[in-house]
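Student: Pasting in a structure now, in structure tokens, and then I'll have a few things to ask.
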Amino acid sequence: MRGLWLALLLSIYPPGGGAALRGTGDLGVVIERADGSVLLVEHSHDTILARISGLGDLSHASVVFSRDARYAYVFGHDGGLTKVDLLESRIVKRVMQSGNSIGGAISQDGKLVAVSNYTPGGVRVFDADTLELVADIPADFGAAKPSKVVGLVDAPGQRFVFSLYDADQIWIADMNKPRQPVITRFKAIGHLPYDALITPDGRYYIAGLFGDDNMALLDLWHPEKGVTPILKGYAEHDEKLPVYKMPHLEGWAVAGKQALVPAVGQHKVLVLDTETWQSLGAIAVHSQPVFVMARPDGRQIWVNFAHPDNDTVQVIDAESHKIIKTLHPGKAVLHMEFTPRGEKLWLSVRDDNRLQVYDTATLQLLKQLSAKKPSGIFFTDRAHRIGL
């Protein structure tokens, strides 16, 4: 009888007081691009918890998280969509949904995962639980083949918004009836939209244009007003430089009533007024910026750069627009991510096979972790952000 009671107690109160149980709020995923693997990390103590392999080609990969932040959805360059259980450190399911994908988003209610594809061009939408295909939206625009799709984000109202690179268009997909999406098309928005973002409040969708000297803005509160060009002529007086890497607009720094934006092919960060979307000037920086990212409180802006100057990171004071620190973390700094409250920043140093963690108050290096060709870093607080 004593043995029976002991077994019962152990089933209710496992050894260690249930130490195996944990939350997901401080977890994250780091892409190891060369090995088709991801690292499961936690930023309370800055440690690596597990390596999960078998995710295919991650040479250009991104991640979103489930509503409860238990699962990561990894979008691979080879068209693979992989659902990863963060608590069990394992792949739940993997589907090859296209030949070449470029990113994805999760819907406002957390029930739908959308993937933007280069090959075949378009967006495919999946059930977040089962990865069953729910909707297929080819990016047809009258040409011989569909357009490549870029800049896919989730928007309030159970909508996805994305840009058609080859068609010079922006589309809104209303997913309130998931198997019958309603598409609103905006044509002639500017030449070659290469990436896009949605502002933190979910109101404005902004596409960068590789073929024009401006950007395209869509007010999602008033889509009937159409697309408005902004920052027209921002580089007309600058020397035309070769573009070594297109900047990622998702890394725009929105800090208070200003946005700080990487200038395509220029050694500067543009400053915009987020109420009027007019230029407030520019900040000269080390080289061609790729990510321009604001600390969660908006006080600091961290910038990394394209090859061949991607060994450098600069920190800008958002109030004065002065560069307050130039760091040299190592070869090929590819990505940065702040902890939710901004006290630390993680960055990946691909060619030195390491991750670095910085104190954002002192700008001092706190820790280094080994990783195999790391690139993207994604923390679970993204589960509660719009458009990321």
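Student: Answer yes if at least one residue in region 87-105 is in a strand (DSSP E or B), charged (D, E, K, R) and touching a Lys or Arg at 6+ places or on another chain (Cβ under 6 Å), and no otherwise.
Tutor: yes
Student: Go through (1) of a type in the set (Val, Ile, Thr); (2) surrounded by 18 or more Cβ atoms within 10 Å (Cβ to Cβ); (3) more than 17 Å from residue 206 (Cβ to Cβ) one by one and return the number of the condition residue 119 breaks.
Tutor: Only one criterion is unmet by residue 119, namely (2).
Student: Do any strands (runs of 3 or more DSSP E) entirely within region 304-388 hold 2 or more residues that are within 22 Å of residue 258 (Cβ to Cβ) and either in contact (Cβ under 8 Å) with a residue 12 or more places away in the chain or not acidic (Asp, Glu) (or both), and if so, which?
Tutor: Fully inside region 304-388 and qualifying: 313-317, 323-327, 333-338.
Student: If you don't mind, there's one more thing I want to ask. Would you say residue 24 is polar (S, T, N, Q), modelled with pLDDT of 95 or more and either loosely packed, with under 10 Cβ neighbours inside 10 Å or touching a strand residue (DSSP E or B) at 6+ places or on another chain (Cβ under 8 Å) (or both)?
Tutor: When the stated conditions are applied, residue 24 does not pass them.
Student: Give all pairs with beta carbons closer than 7 Å in which a residue from region 45-68 that is over 12 Å from residue 27 (Cβ atoms) and among the basic types (Lys, Arg) meets a residue that is modelled with pLDDT of 95 or more and assigned to a strand (DSSP E or B); count only pairs at least 6 apart in sequence or on separate chains.
Tutor: Filtered contacts from region 45-68: 51/37; 51/39.
Student: Next up: Could you pull out every one of the strands (runs of 3 or more DSSP E) wholly within region 120-180 that has 3 or more residues that are closer than 26 Å to residue 92 by Cβ?
Tutor: By residue number, 122-127, 133-138, 149-155.
The values are calculated or read from the model by the stated rules, or taken from the named source; none is laboratory data. Remember, predicted model here, so these are calculated numbers, not experimental data. Reconstructed Cβ throughout: ideal geometry from the backbone, glycine too, with neighbour counts over all protein chains shown.
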